[in-house]
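What follows is a set of notes on a single structure, which appears directly below.
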Amino acid sequence: MSDDNKETAGSTGPREDGGRRERVIGTPSPAREKALLAEDNISAPAGVGEQLDERSAKRAERIVAAFFLLAFASSVAFIAYFIGWSGRDGGMHGLLDARENNFWLGGTMALAFLSLAAGVTIWVRRLMTSKPIVQERHELAADEETRAAFSRDFMEGAEDSGITKRPLLRRTLLLAAAPLGLAPLVLLRDLGPLPEKKLRHTFWGEAVKQAKEQGKKGVRLVVDGTNKPLKVSDFAAPGSMITVLPEGMEEHLPEDEVLTQVAKAVTILINVPAEQFKPAKGRENWHVNGIVAYSKVCTHVGCPAALYEQTTHHILCPCHQSTFDATDAAKVVFGPAARPLPQLPLAVEDGYIVATSDYHEPVGPSFWERG
Ligand code: FES
């Protein structure tokens, strides 16, 4: 920096010895800093103005560069893995894929940030000289006069409230405050009990079991709202969608359980045009002439995936716009949901559409799977 670029001092005013103070813009070089300190008769602290040992500085430089290269390689690996992974079949929407990919994506990103941080830390510690930075602060403590005024006001207020003279008020106030203090402890109770296996099953499983005990193929689907069992012929128009439940929920469940079970078992039935339907591997016989059933509970955070777009055959969740492809095992085509809507196996019995088992995976938000 040239002398022209120095400003007249902020540490201000002429010095007692008649010289001028100077403010240096930017960090002064070690030599310049030493000179400035010497001008003010301040001895340099350890490290300030020390000449770095060139050999150890070179070594540190190489270490720092190695960390930066590692950060670069990790970032490139992150991007390459992300692109390669999302192009794979199933991509981010397969549960097992997601676990593996989270590991690799998280690992490469963490390595990139750690390497960067390590490089910068070594750079600062080994290649820069240490220097004191002094920041002016005013006294934090209030002065005597203010403190005395506060004490006086406080005691006047206490005297005026009568808290010392009226023990009844004092004790009832403490009594009133005590339960409030305990309230957070009471809330801890809501952390349990754990749901264990309850979230893995819906009432479809129970209903199918009962139907099979009576020698039937499965449980009939009834229309939500009317409870009318559904025939294949009632649902023959391609492109239609309807909400269904297992038959007999109200008869078989205690009244206070019905709503909870309905919330888990609620299912959408869609008639997908046969020529566009792509049954998933292993589920070839889970549909009836293109009539297919999926859980209505969105796998993102559980809103009802209640909208169906006939032209694209997309099921939409209105909460955060997750979109599932009804023709392709309800795979996620857009939005934050991490996995497809679970599919319910269907069959025909006496002209009625029946479910032949429970869902094969937990319905609802993905974290439930770990419950
Ligand atoms: S709950 Fe369906 S997209 Fe969020």
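Values for this structure:
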quantity	calculated
Cβ pairs under 8 Å, 6+ apart, first in region 154-170 and open to solvent by 80 Å² or more (accessible area, probe 1.4 Å), second outside any helix (DSSP H, G or I)	L169/G162; L169/I163; R170/I163; R170/T164
Conditions (1) under 25 Å from N227 (Cβ atoms); (2) away from the ligand (no atom under 12 Å from the Cβ); (3) touching a residue at least 24 places away in the same chain (Cβ under 8 Å); (4) not acidic (D, E): number failed by H313	(1)
Test for A274: is it open to solvent by less than 30 Å² (accessible area, probe 1.4 Å) and within 24 Å of V232 (Cβ to Cβ)	no
Residue count, region 316-340 (criterion: touching a residue at least 40 places away in the same chain (Cβ under 8 Å) and either on the phi > 0 side of the Ramachandran plot or more than 10 Å from the ligand (Cβ to nearest atom) (or both))	8
Of residues in region 307-332 being open to solvent by 40 Å² or more (accessible area, probe 1.4 Å) and in contact with a Pro (Cβ under 7 Å, 6 or more places away or on another chain), the one nearest to I270 (Cα to Cα)	L307
Enumeration of residues in region 287-306 that are of a type in the set (A, V, I, L, M, F, W, C), surrounded by fewer than 23 Cβ atoms within 10 Å (Cβ to Cβ) and either at pLDDT 95 or above or within 14 Å of the ligand (Cβ to nearest atom) (or both)	V301, C303, A306
Residue satisfying condition, being within 20 Å of G205 (Cβ to Cβ), in contact with a Lys or Arg (Cβ under 8 Å, 6 or more places away or on another chain), open to solvent by 10 Å² or more (accessible area, probe 1.4 Å) and more than 16 Å from the ligand (Cβ to nearest atom), within set E251, E247, E257	E247
Residue match in region 223-237 (condition: open to solvent by less than 10 Å² (accessible area, probe 1.4 Å), assigned by the TED database to the domain that holds G302 and part of a strand (DSSP E or B))	no
For A263: the one exception among (1) away from the ligand (no atom under 16 Å from the Cβ); (2) of a type in the set (A, V, I, L, M); (3) free of Cβ contacts under 8 Å to residues at least 40 places away in the same chain	(1)
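The values are calculated or read from the model by the stated rules, or taken from the named source; none is laboratory data. Everything numeric in this text was worked out from a predicted model, so none of it was measured. Glycine gets a Cβ as well: all are built from the backbone with ideal geometry, and neighbour counts include every protein chain shown. The accessibility values were calculated without ligands, DNA or RNA, using every heavy atom of the protein model including side chains. Shrake-Rupley method; radii C 1.70, N 1.55, O 1.52, S 1.80 Å.
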